[in-house]
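Undergrad: Submitted below is the structure of interest, expressed as structure tokens.
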Amino acid sequence: MEKAKVTRKDLEIKKGTIEVDFIIVDGKTVNLTPVNYQSIEKYITHEECIDCGTEFAKRFSYDRKCSVCQSLDEIVKYNELPLVEWDGESALALYNDDLYFFDYESIEQYCEEHETEISSLLLVVCERSYFGHIDYEHFADNVHEDWEPSTEMKAKLEEFNKFLDSQSTETWFPSKKRVDLTEFAKEVYNG
Ligand SMILES: [Zn+2]
């Protein structure tokens, strides 16, 4: 069943009294009864956007802006990020989204499916993660405080850390750097 539409105007805030247990300590009244309260936002399904005044259906109880104004805010924030050139290889992600692209074709595909232009995508470049090196702290719980690693252990650990450097985590994290593929798309289009 669809929830009935409720706006702020539908909910008249009334005054009431509740009974609580209290004690008097040093002349001060101390309330002993936990008082439950809820936010009115939870019961409002439709709100007027604080930016443009349009009435919109809320997705979250704390939404105060319509989706158009929310995306405008997002674009403003996105455009404040530094612009970098895409190397054509690093993974890309949609700004503030969990959607990753690992090649240019999948971006084109996304645009086709969502009937949008590459130039209007809010893309950020991703950065690869690396394996952290293992140091002697790793063994801190197992050894006494004056413990020193053997020469052999030092050599093995160094070797292992070098090995870690050569291994890929195959894991990318979105960075705070944006890329604009408009020119890139033109070049692809022109062959
Ligand atoms: Zn709005």
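The values are calculated or read from the model by the stated rules, or taken from the named source; none is laboratory data. Predicted model, so just to flag it, every value in this text is computed and none were measured. All Cβ positions, glycine included, derive from the backbone under ideal geometry; neighbour counts span all protein chains shown.
Undergrad: Please tell me if residue 134 is surrounded by fewer than 14 Cβ atoms within 10 Å (Cβ to Cβ), away from the ligand (no atom under 16 Å from the Cβ), farther than 30 Å from residue 9 by Cα and among the β-branched types (Val, Ile, Thr).
TA: The answer is yes for residue 134.
Undergrad: Turning to a different aspect of this structure: Failed condition for residue 43, given (1) surrounded by 11 or more Cβ atoms within 10 Å (Cβ to Cβ); (2) away from the ligand (no atom under 12 Å from the Cβ); (3) within 30 Å of residue 95 (Cβ to Cβ), with all others met?
TA: (3)
Undergrad: Something else now. Please go through segment 22-38 and give me each residue that is under 30 Å from residue 63 (Cα atoms) and either assigned to a strand (DSSP E or B) or of a type in the set (Val, Ile, Thr) (or both), ordered by number.
TA: 35
Undergrad: Do we have any residue at all in segment 20-29 that's more than 28 Å from residue 95 (Cα to Cα), touching a residue at least 40 places away in the same chain (Cβ under 8 Å) and not small (Gly, Ala, Ser)?
TA: No, because not a single residue in segment 20-29 is more than 28 Å from residue 95 (Cα to Cα), touching a residue at least 40 places away in the same chain (Cβ under 8 Å) and not small (Gly, Ala, Ser).
Undergrad: Against the condition modelled with pLDDT under 90 and closer than 30 Å to residue 52 by Cα, how does residue 98 come out, does it pass?
TA: Considered against the rule, which asks whether it is modelled with pLDDT under 90 and closer than 30 Å to residue 52 by Cα, residue 98 comes out as yes.
Undergrad: Using beta carbons and a limit of 9 Å, which pairs, at least six apart or on different chains, have the first residue in segment 46-64 and closer than 15 Å to residue 3 by Cβ and the second one among the β-branched types (Val, Ile, Thr)?
TA: Filtered contacts from segment 46-64: 46/6; 46/7; 47/7; 56/68; 57/45; 58/44; 58/45; 61/44.
Undergrad: I would also like to ask the following. Could you tell me how many of the residues in segment 53-108 are hydrophobic (A, V, I, L, M, F, W, C), part of a loop (DSSP other than H, G, I, E, B) and away from the ligand (no atom under 14 Å from the Cβ)?
TA: Residues flagged as hydrophobic (A, V, I, L, M, F, W, C), part of a loop (DSSP other than H, G, I, E, B) and away from the ligand (no atom under 14 Å from the Cβ) within segment 53-108 amount to 7.
Undergrad: Report yes if some residue within segment 145-167 is part of a loop (DSSP other than H, G, I, E, B), among the hydrophobic types (A, V, I, L, M, F, W, C) and either in contact with a Lys or Arg (Cβ under 7 Å, 6 or more places away or on another chain) or exposed (fewer than 14 other Cβ atoms within 10 Å of the Cβ) (or both); otherwise report no.
TA: Within segment 145-167, one or more residues are part of a loop (DSSP other than H, G, I, E, B), among the hydrophobic types (A, V, I, L, M, F, W, C) and either in contact with a Lys or Arg (Cβ under 7 Å, 6 or more places away or on another chain) or exposed (fewer than 14 other Cβ atoms within 10 Å of the Cβ) (or both).
Undergrad: Could you run through segment 44-75 and say how many residues are among the hydroxyl-bearing types (Ser, Thr, Tyr) and under 29 Å from residue 176 (Cβ atoms)?
TA: Within segment 44-75, residues that are among the hydroxyl-bearing types (Ser, Thr, Tyr) and under 29 Å from residue 176 (Cβ atoms) number 4.
Undergrad: Go over the candidates 2, 12, 19, 41 one by one and state the one that is outside any loop (DSSP other than H, G, I, E, B) and either more than 29 Å from residue 176 (Cα to Cα) or at pLDDT 95 or above (or both).
TA: 41
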